[in-house]
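Participant: Just passing along the structure, written as structure tokens.
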Amino acid sequence: MGAFSYHTAHMAALTLAMLLALLRVCAAGNPPFSCGQGAPTQGYAFCNPGLPPAQRAADLVARLSLAEKVSQLGDEAPGVPRLGVPPYKWWSEGLHGLSFWGHGMHFDGAVRAITSFPQVLLSAAAFDEQLWYLIGQAIGTEARALYNLGQAEGLTIWSPNVNIFRDPRWGRGQETPGEDPTTASKYAVAFVRGLQGSSPTVLQTSACCKHASAYDLEAWNGAIRYNFNARVTAQDMADTFNPPFKSCVEDGRASCVMCAYTTINGVPACASSDLLSRTFKGDWGLNGYVSSDCDAVALMHDAQFYRPSPEDTVAVALKAGLDLNCGNYTQVHGMAAVRQGRMTEQDVDRALRNLFAVRMRLGHFDGDPRGSALYGGLGAKDVCSPTHKNLALQAATSGIVLLKNDAGILPLRRGVVASAAVIGHNANDPGALNGNYFGPPCETTTPLQGLQGYVQNVRFLAGCDSAACGFAATGQAVGLAASSDYVFLFMGLSQAQEQEGLDRTSLLLPGKQQSLITAVANAAKRPVILVLLTGGPVDVTFAKVNPKIGAILWAGYPGQAGGLAIARVLFGDHNPSGRLPVTWYPEEFTKVPMTDMRMRADPATGYPGRSYRFYRGNAVYKFGYGLSYSKFSRQLVVSGTGNKAPNTNLLAGLAATPTADGGASYVVEEIGADGCEQLKFPAVVEVQNHGPLDGKHSVLMFLRWPNATGGRPVSQLIGFRTQHLKAGEKASLRFDVSPCEHFSRAREDGKKVIDGGSHFLRVGQDEHEISFES
């Protein structure tokens, strides 16, 4: 959502009649639900829970006047007292816990705190779909509990953010599952299913996947997100930017997609009928609504100058397929747009049918929600429950990535550390755990507090005045380090360097952090332990190569249990299993313009490409990198196929398209759903934990082509599995390989094709060749 808002400016433009109507609504004391026992509208079709939501919504919309209809087009929708329709606030957030952001939730009643999970990028590092599902489920449960308690005026949660973390400088990359489309897609499906609940008829909450599409710039070198024109190829849209949203809708069954501020190839995303109607609602079959990002409709006119008048702007958005405007621009200018013939009442009806159908699915028109057999019993006991607190700890420990562990300095043993120096601005700052889009946490354990649970003699020094580290108490820090048995440094970034509206200009640690770390390491009795709390990646090459820095951990923004999670990893109560969900680039990558949207490298001009799939340069740490305290072995087994994919005779009747390297390719659409099903085959990875500790292990399976010419990725993640193994234990992990999905690549026109010839499945250094021939 946008921190910048046009609400105040446009409120003045509301007609006097609408203001009076809003006042009447407030005075009427509308119920928080509609239709129940004895309601005057009980006999209307929209109050009949036995009818399909679309039919009920159509009945309600048909009973509204035009003025009442237009009033429903903004995120703060007034009630309609004569029909018993209560007011509704569409905007609530649940990125990694319920949030202060938005208008729908408030924390001033029986519940004053919620479970604060790690920021998304850290949870993504766990590569654990079940964990992601449980986090979504917990957030949905807490939202429904607040609603039952009267502390929520809506159950539409505008999460998750599944944009691709394309550029390491992006301030909002921390909110996403990372740079890989497969990971982001699987995260989207798991989180959405958890958030929306398991009922096929009643939503626990409504999830909204944002921000479609190709949005990943806040403010860089004069370009700002409100008017940035992203020039994106059909190829990159098909295989990078759109897949997470496609999975969100098709597999996760998300009930909302949010269109971005971005202008894509000259057309604002929220005015693109190709995106909103043809793709979201047509090709993908969205059963729900499309919302704009906050004030995106106003910005089409005021910042992007896409249409000459407010009325034209509202009309082009609704006619393109937009259903809801976060903001009041459509409420202010919608009536005039209809009266001037820019759009019709039918355009408004279509949007409202989608909106009210979602509210029907949430049970808002089924009487008192506290009487619901599914969710009516949820209340204060279900917020900050022991299960949710333990899940927050599990998520943080599962995501922490061990980047360096020279000479096995970690794990430490209780009782061995006689004294500890804890240095760093992030060591005892509860705010450093949150990331953005957070709410009031149930409880908070800072890294300093976490270590104090393991070491009796702990001395603390912030070292820097802030993450910017304009001032560093280097002399004091050196003295403290020299007189301590072990030294822990908690450094990194904060929301002052990376957040919504703010991109970074450098990948280095800010200010004097590097010099402080180096001085402390030089003064310490033994190699120091560096823990980085950041959203996006940082270039810490200096620490990677410095033998006086013995261990490096990345802990993201780890949420309410972050300090305890870090301490558990440091002292071996948890064996680290996290893997980086993004490439950590060197500082020289900042020479690449953020505005260059191309994913693929261009060797002729020196353009290095983006993400592990296309980047041709050196990396500080690669995507998927992460160490463990145990040694794991993996062996890839593909049984029953030899080196040839099964049932490829299905391709014999298809037209093969020649490729630039002399081969042939087959269009996936022409193979068809039945053919794609027959081409699937299993692959098994045999994993063993050789000890010394029990622990989780994430197995990542990649596809590699014989060459990366013709726009092919260098490699592509096709799946992952996570397994907990005791020391000495073995397990066989099955992967279902679908050539249509996993072997395909996007052509320049965006069509998915499978190349004939060899493909290589890869797990670690182990590869298996699969030949794909008709």
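Participant: Hey, does the stretch 738-757 have a residue that's in contact with a Gly (Cβ under 7 Å, 6 or more places away or on another chain) and not in a strand (DSSP E or B)?
Facilitator: Among the residues of the stretch 738-757, at least one is in contact with a Gly (Cβ under 7 Å, 6 or more places away or on another chain) and not in a strand (DSSP E or B), which makes the answer yes.
Participant: Restricting to the stretch 555-601, name every residue that is part of a helix (DSSP H, G or I) and either open to solvent by less than 20 Å² (accessible area, probe 1.4 Å) or within 19 Å of GLU175 (Cα to Cα) (or both).
Facilitator: Taking the stretch 555-601 first, the residues part of a helix (DSSP H, G or I) are 562-570, 587-591.
Once the filter is applied, which keeps residues that are part of a helix (DSSP H, G or I) and either open to solvent by less than 20 Å² (accessible area, probe 1.4 Å) or within 19 Å of GLU175 (Cα to Cα) (or both), the stretch 555-601 yields GLY562, GLY563, ALA565, ILE566, ALA567, VAL569, LEU570, PHE589.
Participant: Here's a follow-up. For the list (1) part of a helix (DSSP H, G or I); (2) touching a strand residue (DSSP E or B) at 6+ places or on another chain (Cβ under 6 Å), I need the number of the one condition that ILE552 fails.
Facilitator: Going through the list (1) part of a helix (DSSP H, G or I); (2) touching a strand residue (DSSP E or B) at 6+ places or on another chain (Cβ under 6 Å), ILE552 breaks only (1).
Participant: Further question on the same structure: Among the residues of the stretch 702-711, is there at least one that is of a type in the set (D, E, K, R), outside the structural domain of SER577 (by the TED database), open to solvent by 40 Å² or more (accessible area, probe 1.4 Å) and at pLDDT below 90?
Facilitator: Start the filter on the stretch 702-711 by keeping residues that are of a type in the set (D, E, K, R), which leaves 704.
Applying the additional criterion that residues be outside the structural domain of SER577 (by the TED database) yields 704.
So of that shortlist, the ones also open to solvent by 40 Å² or more (accessible area, probe 1.4 Å) come out as 704.
From what is left, the residues that are at pLDDT below 90 are none.
No, the stretch 702-711 contains no residue that is of a type in the set (D, E, K, R), outside the structural domain of SER577 (by the TED database), open to solvent by 40 Å² or more (accessible area, probe 1.4 Å) and at pLDDT below 90.
Participant: Out of all the residues in the stretch 735-754, is one or more out of contact with any helix residue (DSSP H, G or I) (no Cβ under 6 Å at 6 or more places or on another chain) and without any contact (Cβ under 8 Å) to a residue 40 or more places away in the chain?
Facilitator: Step one: of the stretch 735-754, the residues out of contact with any helix residue (DSSP H, G or I) (no Cβ under 6 Å at 6 or more places or on another chain) are 735-739, 741-743, 745, 747, 751, 753.
Those left that are additionally without any contact (Cβ under 8 Å) to a residue 40 or more places away in the chain: 742.
Checked against the condition, which is being out of contact with any helix residue (DSSP H, G or I) (no Cβ under 6 Å at 6 or more places or on another chain) and without any contact (Cβ under 8 Å) to a residue 40 or more places away in the chain, the stretch 735-754 yields at least one hit.
Participant: In this structure, does ALA619 turn out to be more than 30 Å from LEU448 (Cα to Cα) and either modelled with pLDDT of 95 or more or surrounded by 15 or more Cβ atoms within 10 Å (Cβ to Cβ) (or both)? Steps first, answer last, please.
Facilitator: Numbers: more than 30 Å from LEU448 (Cα to Cα): yes; either modelled with pLDDT of 95 or more or surrounded by 15 or more Cβ atoms within 10 Å (Cβ to Cβ) (or both): yes.
Here the answer is yes, as ALA619 does meet what is asked.
Participant: I'm told LYS544 meets every condition in (1) of a type in the set (D, E, K, R); (2) out of contact with any Asp or Glu (no Cβ under 8 Å at 6 or more places or on another chain); (3) open to solvent by less than 20 Å² (accessible area, probe 1.4 Å) except one. Can you identify the failing condition by its number?
Facilitator: It fails just one condition, (3).
Participant: Working only within the stretch 141-190, note down all residues that are in contact with a Pro (Cβ under 6 Å, 6 or more places away or on another chain) and among the small types (Gly, Ala, Ser).
Facilitator: GLY178, ALA184, SER185, ALA188
Participant: If you take the residues of the stretch 87-124 that are in a loop (DSSP other than H, G, I, E, B) and among the small types (Gly, Ala, Ser), which of them is most open to solvent (accessible area, probe 1.4 Å)?
Facilitator: To start, the set of residues in the stretch 87-124 that are in a loop (DSSP other than H, G, I, E, B) comprises 87, 90-91, 93-101, 103-104, 106-113, 115-119.
Filter once more, keeping what is among the small types (Gly, Ala, Ser): 94, 97, 99, 104, 109-110, 113, 116.
Details: GLY94: 0, GLY97: 3, SER99: 0, GLY104: 0, GLY109: 30, ALA110: 82, ALA113: 24, SER116: 3 Å².
Result: ALA110.
Participant: Moving on. Only one residue in LEU451, LEU480 is within 36 Å of the chain's Cα centre (by Cα), modelled with pLDDT of 95 or more and assigned to a helix (DSSP H, G or I). Which one? Let's see the steps before the verdict.
Facilitator: On the way: LEU480 fails: within 36 Å of the chain's Cα centre (by Cα).
Result: LEU451 is the single residue among LEU451, LEU480 that is within 36 Å of the chain's Cα centre (by Cα), modelled with pLDDT of 95 or more and assigned to a helix (DSSP H, G or I).
Participant: May I ask you to say which residue of ALA234, ALA269, ALA219 is in contact (Cβ under 8 Å) with a residue 24 or more places away in the chain, more than 22 Å from GLY711 (Cβ to Cβ), open to solvent by 10 Å² or more (accessible area, probe 1.4 Å) and not hydroxyl-bearing (Ser, Thr, Tyr)?
Facilitator: Values: ALA234 fails: more than 22 Å from GLY711 (Cβ to Cβ); ALA269 fails: open to solvent by 10 Å² or more (accessible area, probe 1.4 Å).
Unique residue meeting the criteria: ALA219.
Participant: Count, please, the residues in the stretch 755-774 that happen to be over 23 Å from ASN649 (Cα atoms) and in contact (Cβ under 8 Å) with a residue 24 or more places away in the chain.
Facilitator: Of the stretch 755-774, the ones over 23 Å from ASN649 (Cα atoms) are 762-767.
Cutting the leftovers down to in contact (Cβ under 8 Å) with a residue 24 or more places away in the chain gives us 762-764, 766-767.
Count: 5.
Participant: Read through the list (1) part of a helix (DSSP H, G or I); (2) among the small types (Gly, Ala, Ser); (3) open to solvent by 10 Å² or more (accessible area, probe 1.4 Å), then give the number of the only condition that GLY136 fails.
Facilitator: The number of the failed condition is (3).
Participant: Quick check on the stretch 527-536: of everything there that is open to solvent by less than 40 Å² (accessible area, probe 1.4 Å) and over 23 Å from the mean Cα position of the chain (by Cα), which residue is farthest from ASN434 (Cα to Cα)? Spell out how you get there, then give the answer.
Facilitator: Here is the first cut: in the stretch 527-536, the ones open to solvent by less than 40 Å² (accessible area, probe 1.4 Å) are 528-536.
From what's left, over 23 Å from the mean Cα position of the chain (by Cα): 528-531.
Working: VAL528: 25, ILE529: 22, LEU530: 20, VAL531: 16 Å.
Residue satisfying both the conditions and the ranking: VAL528.
Participant: Being under 24 Å from ASP485 (Cβ atoms), surrounded by fewer than 24 Cβ atoms within 10 Å (Cβ to Cβ), out of contact with any Cys (no Cβ under 9 Å at 6 or more places or on another chain) and among the acidic types (Asp, Glu) is the requirement here; does ASP539 meet it? Reasoning before the result, please.
Facilitator: On the way: under 24 Å from ASP485 (Cβ atoms): no; surrounded by fewer than 24 Cβ atoms within 10 Å (Cβ to Cβ): yes; out of contact with any Cys (no Cβ under 9 Å at 6 or more places or on another chain): yes; among the acidic types (Asp, Glu): yes.
Answer is no for this residue.
Participant: Within the stretch 409-419, work out how many residues are open to solvent by 30 Å² or more (accessible area, probe 1.4 Å), of a type in the set (Gly, Ala, Ser) and touching a residue at least 60 places away in the same chain (Cβ under 8 Å).
Facilitator: Residues flagged as open to solvent by 30 Å² or more (accessible area, probe 1.4 Å), of a type in the set (Gly, Ala, Ser) and touching a residue at least 60 places away in the same chain (Cβ under 8 Å) within the stretch 409-419 amount to 1.
Participant: With the checklist (1) under 30 Å from SER628 (Cβ atoms); (2) open to solvent by 20 Å² or more (accessible area, probe 1.4 Å); (3) aliphatic (A, V, I, L, M) in hand, flag the one item VAL668 doesn't pass.
Facilitator: Answer for VAL668: the failing condition is (1).
Participant: Let me ask something else about it. Show the residue pairs meeting these rules: Cβ distance below 6 Å; 6+ apart or different chains; first residue within the stretch 382-397 and closer than 11 Å to ALA565 by Cα; second residue among the charged types (D, E, K, R) and assigned to a helix (DSSP H, G or I).
Facilitator: Short answer, once both residue conditions are applied: THR397/ARG568.
Participant: Within the bounds of the stretch 487-501, is there any residue that is under 27 Å from ASN405 (Cβ atoms), modelled with pLDDT of 95 or more and surrounded by fewer than 20 Cβ atoms within 10 Å (Cβ to Cβ)?
Facilitator: Among the residues of the stretch 487-501, not one is under 27 Å from ASN405 (Cβ atoms), modelled with pLDDT of 95 or more and surrounded by fewer than 20 Cβ atoms within 10 Å (Cβ to Cβ), which makes the answer no.
Participant: Identify the single condition in (1) more than 24 Å from GLY363 (Cα to Cα); (2) open to solvent by less than 10 Å² (accessible area, probe 1.4 Å) that GLN130 does not satisfy, given that it satisfies every other one.
Facilitator: Result: GLN130 fails condition (2) only.
Participant: Moving on to the next point. Say we look at the stretch 29-45 and pick out the residues that are of a type in the set (A, V, I, L, M, F, W, C) and within 19 Å of GLY154 (Cα to Cα); which of these is surrounded by the most Cβ atoms within 10 Å (Cβ to Cβ)?
Facilitator: To start, the set of residues in the stretch 29-45 that are of a type in the set (A, V, I, L, M, F, W, C) comprises 33, 35, 39, 45.
Then drop every residue that is not within 19 Å of GLY154 (Cα to Cα), which leaves 33, 35.
Values: PHE33: 20, CYS35: 27.
By that ranking, first place goes to CYS35.
Participant: Tell me the residue from ASP602, ASP596, ASP539 that is out of contact with any His (no Cβ under 8 Å at 6 or more places or on another chain) and in the same structural domain as TYR437 (by the TED database), please. Give the steps one after another, and end with the answer.
Facilitator: Details: ASP602 fails: in the same structural domain as TYR437 (by the TED database); ASP596 fails: in the same structural domain as TYR437 (by the TED database).
Going through ASP602, ASP596, ASP539 in turn, just one is out of contact with any His (no Cβ under 8 Å at 6 or more places or on another chain) and in the same structural domain as TYR437 (by the TED database): ASP539.
Participant: With respect to SER99, determine if the residue is in contact with a Cys (Cβ under 8 Å, 6 or more places away or on another chain), more than 28 Å from ARG613 (Cα to Cα) and not hydrophobic (A, V, I, L, M, F, W, C). Working first, answer last.
Facilitator: On the way: in contact with a Cys (Cβ under 8 Å, 6 or more places away or on another chain): no; more than 28 Å from ARG613 (Cα to Cα): yes; not hydrophobic (A, V, I, L, M, F, W, C): yes.
Taking the combined requirement at face value, the residue does not satisfy it.
Participant: Going through the stretch 294-332 one residue at a time, which ones are touching a residue at least 60 places away in the same chain (Cβ under 8 Å) and open to solvent by 10 Å² or more (accessible area, probe 1.4 Å)?
Facilitator: Across the stretch 294-332, the qualifying residues are ASP302, ALA303, GLN304, ASN328, GLN331, VAL332.
Participant: Count, please, the residues in the stretch 510-526 that happen to be in contact with a helix residue (DSSP H, G or I) (Cβ under 9 Å, 6 or more places away or on another chain) and open to solvent by 60 Å² or more (accessible area, probe 1.4 Å). Before you say what the answer is, go through the steps one by one.
Facilitator: First, the residues of the stretch 510-526 that are in contact with a helix residue (DSSP H, G or I) (Cβ under 9 Å, 6 or more places away or on another chain): 512, 514-525.
Now restrict to residues that are open to solvent by 60 Å² or more (accessible area, probe 1.4 Å): 512, 514-515, 522, 525.
Total meeting the criteria: 5.
Participant: Which condition does SER292 not pass, out of (1) within 28 Å of the chain's Cα centre (by Cα); (2) farther than 20 Å from ASN229 by Cα; (3) small (Gly, Ala, Ser), if it passes all the others?
Facilitator: Result: SER292 passes all but (2).
The values are calculated or read from the model by the stated rules, or taken from the named source; none is laboratory data. Quantities reported herein were computed from a predicted structural model and do not represent experimental measurements. Reconstructed Cβ throughout: ideal geometry from the backbone, glycine too, with neighbour counts over all protein chains shown. In case anyone asks, the SASA skips ligands and DNA or RNA and just uses the protein heavy atoms, side chains included. Shrake-Rupley method; radii C 1.70, N 1.55, O 1.52, S 1.80 Å.
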